[in-house]
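Report on one structure; see the data block that follows.
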Amino acid sequence: MNHSRAKALRVFLPRVTMQEVARAAGVHQTTVSLALRNDPRLPEKTRLEIQAVADRLGYRPDPMLAALNYYRTGRRPVKSPTTMAFLLNFRDREEMETSHPHRLFLEGARRQAERVGYHLEVFYIGHNAPGAGQRIQRVLKARGIGGAIIAAFGDKMIKFKMDWDEFSVVRIESQQLDNSLHLISSYQMEITREAVRHLYDLGYRRIGLAIGEREETYLRNAYTAGYFVEVELHPDVMHLPPLLLPAGASTEEIAPLLARWAKSNDLEVVASNWAEVPEAFRLMGRQVPRDIVVASLDLNPDRGSNAGMRQNHAVVGERAVEQLAILMRTNQRGLGTPHNNTLIEGAWVDGSDVPARPTNSAFISKNKNRSAGL
């Protein structure tokens, strides 16, 4: 029989079952299941021996059966659902509620945890507390919690350490952490690019980017990277220096910085992830959008501009739970090598704060005079 014929015949051979692997290895089927999931309840030597038998027999999991089991597990009511930890870099719930993205991260995570049969428990670990990782690790182990979501830690949390091999872990953003944990994040680079594209289509050519210095740290310059990539594609768009807003600065503190920067670059529109920017311009006597337009890179329904990019923070929370559920159910612990990056896109929202740019000469002349009078 030639090689191609033998290969064709193998396609129609019946799938090797877990029960057959158990017979060949001389163990119970449950032991095979544990070994193939790398369950630590089995000695490593036993796991490796059973995995070798499975490989020799050509055992492969049935993807349809795995999907069905996942569906059944997610829908089956349980008396005591497994707990996932949601670690927040805040002192308490009151402080967390001041952050629009974090509220939505948690809302999406809770909703998805309930859907797939888990209980989500929030732990507030504070700001840059020495030994925070070791303390929360002891708490999680004492509680029997084997999975955790690091929920968008701030830039100061650069030394958060745990014994990663003890847990299944994913992180939301938090790219400043020096590790290879699986990552779920809004796609800020593409979000910025899409904002610039929409502003270009609306007629704007002098587009400025004002971004938080802190966010640039823990997102690894995603906003500015998106800005520079997109303006490079439009020769008639001016390449203007982004303004980095100081971490923790108040509206009153950023107002003169914005005014000087906008005047020196003769800006038509500012794209920013800070909801305070429109109010800061008003403090300096600029009317928004008549004198200058502000487009949001992270729309907040409670404040700021009413037009720009809506980031899907709740979806980020949902995807973090989905990823962690898979890791926990397959007993994948520790750092990912390599780790996964899941990036969630945003969507442009039209609004009165970002109108199409008039092109008549009277408007252009009038606005230049306003800029000169800043």
Phi-based couplings in Hz for segment 305-321 (Karplus 6.51, -1.76, 1.60; Gly and Pro marked x)
5, 9, 9, x, 9, 9, 7, 8, 4, 5, 5, 4, x, 4, 5, 4, 5
Overall Cα dimensions of segment 155-274, principal axis frame, Å, largest first:
54, 33, 16
Whole-Hz couplings from phi, Karplus 6.51/-1.76/1.60, listed for segment 280-290; x for Gly and Pro
4, 5, 5, 4, 8, x, 9, 8, 10, x, 5
I'd like the Karplus ³J(HN,Hα) series for segment 332-340: coefficients 6.51, -1.76, 1.60, θ = phi - 60°, whole numbers in Hz, and an x wherever there's a Gly or Pro.
8, 10, x, 6, x, 10, x, 8, 8
All other residues with a Cβ under 15 Å from the Cβ of Asp350 taken together, and with Lys, Arg as +1 and Asp, Glu as -1, what is their net charge?
0
So who's got an amide H within less than 5 Å of the one on Val294, skipping anything under 5 residues away but keeping other chains? H placed 1.01 Å off N, in plane.
Val270
Please state, as a whole number in µm²/s, the translational diffusion coefficient that the Stokes-Einstein equation yields for segment 251-327 at 25 °C and 0.890 mPa s, with Rh defined as the Kirkwood radius across alpha carbon pairs.
177
Rough spin-label spacing in nm, given labels placed 7 Å along Cα→Cβ, for Thr337 and Met238:
5.1
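Using the C-alpha atoms of segment 192-337, what convex hull volume per residue, in cubic angstrom, is computed?
Details: hull volume 20.0 nm³, N = 146.
Here the figure is 137 Å³ per residue.
Readers should treat all values here as calculations from the given coordinates under stated rules, not as data from a laboratory. Treat the numbers as computed from the prediction; the structure is a model and nothing was measured. Don't worry about glycine lacking a Cβ; one is built from the backbone with ideal geometry, like all the others, and counts go over all protein chains shown.
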